[in-house]
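Undergrad: Shown below is the structure under consideration.
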Amino acid sequence: MQQVILGLLLTHGPLTLYAVKQLFSQGISLFYSASFGSIQRSLRQLVDNGLVVAADKPEGARGSKPYAITDAGRAAFHAWMASPIDGSDAETIALSKTFFLGVLDEGDRGPVLETIRTRLERDLGELEQVAAALDAMTPPEGAASLFAFQRATLDYGIRAHTLARDWFAALGDDGTVRG
């Protein structure tokens, strides 16, 4: 979440906590859910780490402090964009990075997309291996129905990853989707 907040501050300039939450609600929440409290905690951590600074004086009717990204925050954001995707939330990270690709110079976008494509190919390959192993098994006595729904769930994962792989393969560095 901290990287997404850094991206918002980078693209929208100084923002209050309420403005960050509103930006999440206006689009990012479609692929990245965040509560008011989690955004508040993340902003506090970003300030503590020197990646964001808060204004000394509150502004506006609510008396909210705007937060601004620092040079260290910009560097951390760009390092995150260029880093491989690790962990189990690959789809959320891939979509978050895609959301902010326009921040990068045109020549830096391709490598980011390639790291996303590589992760999707790896995950899809792993799912297909699991499917092949399951398909070679005979369900235990009395578990055919359970096995069928578990296999259907795996099929959903394979189809979702196939769609994501194909979509990212068609996504150009300029943001257009070909084909």
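The values are calculated or read from the model by the stated rules, or taken from the named source; none is laboratory data. Please read all numbers here as calculations on a predicted model, not as lab measurements. Glycine gets a Cβ as well: all are built from the backbone with ideal geometry, and neighbour counts include every protein chain shown.
Undergrad: What number goes with the only condition from (1) without any contact (Cβ under 8 Å) to a residue 24 or more places away in the chain; (2) out of contact with any strand residue (DSSP E or B) (no Cβ under 7 Å at 6 or more places or on another chain) that L8 does not pass?
TA: Going through the list (1) without any contact (Cβ under 8 Å) to a residue 24 or more places away in the chain; (2) out of contact with any strand residue (DSSP E or B) (no Cβ under 7 Å at 6 or more places or on another chain), L8 breaks only (2).
Undergrad: Next question, about the same structure. Looking for something part of a loop (DSSP other than H, G, I, E, B), at pLDDT below 95, among the polar types (S, T, N, Q) and within 15 Å of the chain's Cα centre (by Cα) - is there at least one such residue anywhere in the range 90-101?
TA: no
Undergrad: Between residues in the range 147-164 that are assigned by TED's automatic domain parsing to the domain that holds A131 and residues that are outside any helix (DSSP H, G or I), which pairs lie under 7 Å by C-beta distance while being six or more apart or on different chains?
TA: The qualifying pairs are F147/P139.
Undergrad: Another question, then. Which ones in the range 40-49 are in contact with a helix residue (DSSP H, G or I) (Cβ under 9 Å, 6 or more places away or on another chain) and surrounded by fewer than 21 Cβ atoms within 10 Å (Cβ to Cβ)?
TA: Hits for the range 40-49 are Q40, S42, Q45, N49.
Undergrad: Go through the residues of the range 104-123 one by one and say whether even a single one is part of a loop (DSSP other than H, G, I, E, B) and closer than 19 Å to M81 by Cα.
TA: Yes, the range 104-123 contains at least one residue that is part of a loop (DSSP other than H, G, I, E, B) and closer than 19 Å to M81 by Cα.
Undergrad: I would also like to ask the following. Looking at the range 26-35 only, could you name the residues that are out of contact with any Leu (no Cβ under 6 Å at 6 or more places or on another chain) and either surrounded by 12 or more Cβ atoms within 10 Å (Cβ to Cβ) or within 15 Å of K65 (Cα to Cα) (or both)?
TA: I28, S29, Y32, A34, listed by residue number.
Undergrad: Out of all the residues in the range 80-89, which are in contact with a Lys or Arg (Cβ under 9 Å, 6 or more places away or on another chain) and at pLDDT below 90?
TA: Passing the criteria: only D86.
Undergrad: In the range 104-142, which residues are surrounded by 16 or more Cβ atoms within 10 Å (Cβ to Cβ) and within 17 Å of the chain's Cα centre (by Cα)?
TA: Those that are surrounded by 16 or more Cβ atoms within 10 Å (Cβ to Cβ) and within 17 Å of the chain's Cα centre (by Cα): L104, R109, V112, L113, T115, I116, R117, R119, L120, D123.
Undergrad: What number of residues in the range 4-16 are touching a Phe, Trp or Tyr at 6+ places or on another chain (Cβ under 9 Å) and surrounded by fewer than 20 Cβ atoms within 10 Å (Cβ to Cβ)?
TA: 3
Undergrad: Can you run down the residue pairs with Cβ atoms below 6 Å, 6 or more apart or on separate chains, where the first is in the range 33-59 and under 18 Å from H78 (Cα atoms) and assigned to a loop (DSSP other than H, G, I, E, B) and the partner is among the aliphatic types (A, V, I, L, M) and modelled with pLDDT of 95 or more?
TA: Sorted first by the residue in the range 33-59, then by its partner, the pairs are G50/A72; L51/A72; L51/A76.
Undergrad: Further, regarding this structure: Only one of these conditions is not met by A76: (1) surrounded by fewer than 17 Cβ atoms within 10 Å (Cβ to Cβ); (2) assigned to a helix (DSSP H, G or I); (3) not acidic (D, E). Which number is it?
TA: A76 satisfies every listed condition except (1).
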